[in-house]
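Trainee: Structure provided below as structure tokens; questions to follow.
The values are calculated or read from the model by the stated rules, or taken from the named source; none is laboratory data. Only a predicted model underlies this, so the values are computations on that prediction, with no experimental measurement involved. Backbone-built Cβ (ideal geometry, glycine too); neighbour counts: all protein chains shown.
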Amino acid sequence: MAQYIVLSAPSGAGKTTIAKQLVERNADFKISISATTRMRRPMEIDGVDYYFLEFDDFAKKIERNEFIEHEQVHGDYYGTIRSIVENLIADGFSVIFDIDVKGALSIKKVYPQALLIFIKAPSLSELRSRLKRRRSENRQAIEKRLRRIDYEYSQAEKFDFTVINKNLKKTVDQIENIIRNHKTENYEFKR
């Protein structure tokens, strides 16, 4: 059965890596590719990692109500294109959203049946180390992302599940188990 699965986390907690591994392991899962106005990082591919749009193009899509949700995060716009998600669901795929907490809560308003999973790093120092290892942003950009963590963590209680990403394989197994069993009466999750 097709599901709306939302993964959200502070930058560096591993949500994108987890989403990609879930799709690799499950032929019935697809990632909803977000649109953004941010600059493309090295190795990112338009239409695969994001739909990279100019600000004016993004604004026109907002005017035409083409987004399920859209937010400004860290100075750039991000949004989920409605037609792409609806086509995937119509084709029988479960859609994984890899988005920020505001976007996640907006998805829940549109799709109340959506499963929201918040991912935390084991510690703030580990999160900082992961961001630095990515080497995709300067120190100033990393600090900007770290300043948002308190807000993001405060929103975790609004999610259906919270998972700590200490070990990637175990985290992917745990999230896959949550997705496959969250509607089963006998399933219990200990936070």
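Trainee: Among strands (runs of 3 or more DSSP E) lying entirely in segment 1-81, which contain 2 or more residues that are touching a residue at least 12 places away in the same chain (Cβ under 8 Å) and more than 27 Å from residue 166 (Cβ to Cβ)?
Mentor: Hits in segment 1-81: 67-73, 76-81.
Trainee: Looking only at segment 148-155, decide whether some residue is part of a loop (DSSP other than H, G, I, E, B), touching an Asp or Glu at 6+ places or on another chain (Cβ under 8 Å) and modelled with pLDDT under 90.
Mentor: Taking segment 148-155 first, the residues part of a loop (DSSP other than H, G, I, E, B) are 148.
Filter once more, so that each one left must be touching an Asp or Glu at 6+ places or on another chain (Cβ under 8 Å): none.
The answer is no; no qualifying residue exists.
Trainee: Which one is farthest from residue 9 (Cα to Cα), of the residues in segment 61-78 that are surrounded by fewer than 20 Cβ atoms within 10 Å (Cβ to Cβ), in contact with a strand residue (DSSP E or B) (Cβ under 8 Å, 6 or more places away or on another chain) and among the acidic types (Asp, Glu)?
Mentor: Residue satisfying both the conditions and the ranking: 66.
Trainee: Evaluate segment 93-101: report whether one residue or more is within 23 Å of residue 48 (Cβ to Cβ), of a type outside the set (A, V, I, L, M, F, W, C), part of a helix (DSSP H, G or I) and at pLDDT below 95.
Mentor: No.
Trainee: State yes or no: is residue 144 at pLDDT 95 or above and surrounded by fewer than 16 Cβ atoms within 10 Å (Cβ to Cβ)?
Mentor: Here the answer is no, as residue 144 does not meet what is asked.
Trainee: Just one of the numbered conditions (1) more than 15 Å from residue 9 (Cβ to Cβ); (2) at pLDDT 95 or above is not true of residue 39; which one?
Mentor: (2)
Trainee: Does residue 21 meet the test of being of a type outside the set (Gly, Ala, Ser) and modelled with pLDDT under 95?
Mentor: no
Trainee: Same structure, new question: Would you say residue 137 is part of a strand (DSSP E or B), modelled with pLDDT under 90 and surrounded by 13 or more Cβ atoms within 10 Å (Cβ to Cβ)?
Mentor: no
Trainee: Please determine, by comparing only the residues of segment 119-134 that are in contact with a Leu (Cβ under 8 Å, 6 or more places away or on another chain) and either closer than 24 Å to residue 65 by Cα or not in a loop (DSSP other than H, G, I, E, B) (or both), which one is modelled with the highest pLDDT.
Mentor: 119
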